[in-house]
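The values are calculated or read from the model by the stated rules, or taken from the named source; none is laboratory data. Given the structure is predicted, the values throughout are model-derived calculations rather than measurements. Ideal geometry is used to build each Cβ from the backbone, glycine not excepted, and the neighbour counts take in all protein chains shown. What goes into the accessible areas is simple: the full protein's heavy atoms, side chains included, and nothing from ligands, DNA or RNA. Shrake-Rupley method; radii C 1.70, N 1.55, O 1.52, S 1.80 Å.
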Amino acid sequence: MSGFDENPFGEPTIDNPFADPSVQQVARTANAQIRVDDYNPFDNQPAAGSRTYVGVAPSSNSGPAIMQPTEEPPAYTKTAQQVIQHQPAKPVINTEELQRRQEELEKKEQELARREEEMRQSSYNVRRNNWPPLPEQCCFQPCFYQDIQLDIPLEFQKIVRHLYYLWIFHGVVMISNTIGGIVLKNITIIVVGILYTLLLTPFSYLCWFRPAYKAFRSDSSFNFMVFFFIFFFQFVVTTIHAIGIPGSGTIGIFTAIGTFGSSAWSIISGLIALTVAIGFTLAAAADLFMISKIHRMYRSTGASMDKAKKEFTDVVLGNQHVRSAASNVAAAAVQSQFSQNSNTNSTNNRY
């Protein structure tokens, strides 16, 4: 029951819109004076911290529903521990490795500084020959300039030094062969040993070490070919010396074996001869090792016989002295041919 003052026997008020209690309340307050200054639009606002749900009807004593703007979730960021865990593991370098690398860098830096200084000085002063190292008071002066650290690239300095030491070893073996001939009292070995020492030692330096030095210095295919050709014969000759063919003038294995006897002196001389034979054998083995190693290095650079021929053509035919000599020979041939034709014509005219 909406109220006690309603007449149950009266006309129904269902169809009367003015019978609604909310309409009657508004009608009673219509005559009341409403001031704009007293109006507060925030009187019916919900208290702070209250939640407004979308899709739910507000209560009768609450203000209009206000939809709060949706907030984006914060961007995902990795923590410091996750970043450290996902970082790739760096290779661990010990102190000895760092020290070794530092020493290599310092050596390269010193070498570059030395080369720059040498080049700076060479632009003003011509490099003087320093090999063979002879005293200034000597009547002979050095004929070549040799400086492996300055002329040869860093990656080839070791192999060039080994070649130089091998040449020195060949000279020592030849001298020991002569001494062995004196011990054995063999005139043939003494004479041939002295001849080999005086001729083969300087010729081997000129014929295969200097071409190898020039080849590594300027990457010359032509000099490499000269080195391979002559050094192969050096290996063959050293192998023959190591075998010790009787009457060859060298103390080899067969000569050393035939020296041993029953007496104490024959045993001592046999040991000396065997030492010389072992020296020749080691020299032959070193020759084979060096020629095979240098050949592998040469082939790995992409060099070939065609490149050597082209370089020979450019260097030899481009040389002014060679061209002048060739032109003189050609002029002499033409002149001789012309004089021969003149003599033939004169003879025909007589008849």
message = I'd like the accessible area for K107, computed on protein heavy atoms only with a 1.4 Å probe and all protein chains in place. Round to 10 Å², please.
response = 140
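Carbon and sulfur atoms: what percent of the 1.4 Å accessible area of region 117-249 do they account for? Please list the in-between numbers first.
On the way: 5210 of 7610 Å².
Exposed carbon and sulfur together represent 68 percent of the surface.
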inquiry  = Quick check: the distance between the Cα centres of region 171-198 and region 252-274, to the nearest angstrom?
reply    = 16
request  = Counting other Cβ atoms within 10 Å, keep those with at most 16, restrict to DSSP loop, and tell me which chymotrypsin sites (Phe, Trp or Tyr not before Pro) in region 145-181 are left.
outcome  = Y145
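Using a 1.4 angstrom probe with every protein chain in place, what is the largest-first accessible-area order of V160, V226? All intermediate terms of the calculation are to be shown ahead of the outcome.
On the way: V160 0, V226 45 Å².
Output order, biggest surface exposure first: V226, V160.
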ask   = For L198, what accessible area in Å² do you get when you roll a 1.4 Å probe over the heavy atoms of the protein chains, rounding to the nearest 10?
value = 120
query = When all protein chains stay in place, what accessible area (Å², nearest 10, 1.4 Å probe) is found for C143?
reply = 90
key: Integer Hz, Karplus 6.51/-1.76/1.60 couplings in order for region 253-259, x for Gly and Pro   = 5, 5, 5, 5, 5, x, 7
